[in-house]
Every structure is written in C-alpha cells, then in structure tokens.
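The block underneath contains the structure these notes are about, expressed in structure tokens.
The values are calculated or read from the model by the stated rules, or taken from the named source; none is laboratory data. If you're wondering where the values come from, they're calculated on a predicted model, not measured in any experiment. Reconstructed Cβ throughout: ideal geometry from the backbone, glycine too, with neighbour counts over all protein chains shown.
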Amino acid sequence: MSPLQEYVRFVVTLTAVLDPFLAIPIFVGATAAHDEAAQRRLANAVVATVFAVLAGAAVFGDDVLHLTGASLPAFQVGGGLVLLLMALAMLNAKAGEMRQTREEAEELRAGEVSGVVPLAVPLLAGPGAISTTIIAGEAGGATHKLLLIACIGVLCALLWWLLRVAHVVGGRISTTGMNIATRLLGLLLAAIAIQTMAVGLKRLFPGLA
C-alpha cells in the first residue's frame, strides 16, 4: 500500500470511528437550552479537545506502547476488537457503551456536565479513535506523525463545521436518514476492524500467513 493510500485509509477509518452523525443529535440535545454563543463555545471546546487527544495519541502513542511493553501486533488485535464492537453498535444505529454509558448519557441530557466530557471524550475521541491513531502513528517518524496530525486537523475542521450547523442539520435530516448514514459507516468500520485484527494476528502468529 502506498503512503498516500495509508493516509487516505487513516482519514476514512477515523471518520468512521468519530461518526459525526451520532454526535449531531447528542450535541443538539445538550445545547437545546443554550444560545448561539454558548453553542459556539461548546463546539470550539469539543473540537479542541478531540484534536488535542488525538494529536497526543499520534505523538506519544508509541512511547505508551513501549512503556507498557505491548507490541504493535497485539495492539492491532486489541484495537481492532474495540473497533469491531463499535461497528456492531453502529450497525444498530446506537452509540454503544464503548462510546458512552447510560449514566454518561443521562448526565449529559440532564445538563450535569459541560458536554466536553462525555461529548468530546469518550464519545468522539474515545478508545476507538485513540487506538486507530496510535496504530497509524507507529508506522513512521516525525514527518509521518506531522502528516497524521494534519489529517486529524482536517477532520476536526469538518467536525467543527458539522457541530456549528448541527441544529440546522438536525432539523432537516430525519432520524432515519442519520441512522442510515451511521449504519453505512458501521459496515465500513467493521471491515476495517477485521482487517486490522487480521494483520495483527498474522504478525503475532506468522504461521497463519
């Protein structure tokens, strides 16, 4: 696979993992009683948090793996399993407890939390997005990581725009429409998750190749 294909795959995978179609109705619900200025501030805070977490994973992820003694193949299998569980929830048009527990969802609806937690972490920049970024960042040096951060920046810019127009989009696109989009992303993510696990298993057990 060429370097360009690797970055395209990273962008596609991270888009599927972030799944802004799940974030839109949650953001709308969390900010329904807020004015436009408050909605803008929360969108800025959410996107900045997502960028900081994922950029940090790209830069320091390999150090974390080395510190814990986990090999990249083992992390690929574990990360792929996390992605598969998320994909199965998305195929049912649900966030799933991997992204957000019932308690976290209830706190967000009740206005007991700011929205950055759990909206930014772990709903968007959760285990799936972090593991995807760490796996991608392990493949190269400083230039490679800078390009990954640039990809993350582009996706965060798109996420910011979607959150800014969330109330408009939420009113014009039906729940069924957003659920269909989530299911399609879930199907794509399931295939990526299985591929990631397959690569990790082949590296852990060369006899499987």
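Taking the conditions exactly as written (in a helix (DSSP H, G or I) and under 23 Å from GLN195 (Cβ atoms)), does MET86 satisfy them or not?
Numbers: in a helix (DSSP H, G or I): yes; under 23 Å from GLN195 (Cβ atoms): yes.
Yes.
It is to be established whether one or more residues within segment 10-30 are over 20 Å from TRP160 (Cα atoms) and among the hydroxyl-bearing types (Ser, Thr, Tyr). Before the answer, list the steps.
At the first step, the residues of segment 10-30 found to be over 20 Å from TRP160 (Cα atoms) are none.
No, segment 10-30 contains no residue that is over 20 Å from TRP160 (Cα atoms) and among the hydroxyl-bearing types (Ser, Thr, Tyr).
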In segment 68-88, anything buried (at least 21 other Cβ atoms within 10 Å of the Cβ) and among the small types (Gly, Ala, Ser) is listed as GLY79, GLY80, ALA87
**Request:** Please indicate, with yes or no, whether at least one residue in segment 130-137 is out of contact with any Lys or Arg (no Cβ under 6 Å at 6 or more places or on another chain), at pLDDT below 95 and not in a helix (DSSP H, G or I).
**Result:** no
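Looking for whichever is closer than 30 Å to THR176 by Cβ, in contact (Cβ under 8 Å) with a residue 60 or more places away in the chain and assigned to a helix (DSSP H, G or I) here; the options are ALA43, ALA33. Which one fits? Walk me through how you get there before you give the answer.
Working: ALA33 fails: assigned to a helix (DSSP H, G or I).
Of ALA43, ALA33, the one residue that is closer than 30 Å to THR176 by Cβ, in contact (Cβ under 8 Å) with a residue 60 or more places away in the chain and assigned to a helix (DSSP H, G or I) is ALA43.
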Checked pairs for segment 115-128, first of a type in the set (D, E, K, R), second outside any helix (DSSP H, G or I), C-beta under 8 Å and 6 or more apart or across chains, list as none
*On the given criteria, is LEU147 out of contact with any strand residue (DSSP E or B) (no Cβ under 9 Å at 6 or more places or on another chain), modelled with pLDDT of 90 or more, among the aliphatic types (A, V, I, L, M) and surrounded by 15 or more Cβ atoms within 10 Å (Cβ to Cβ)?*
yes
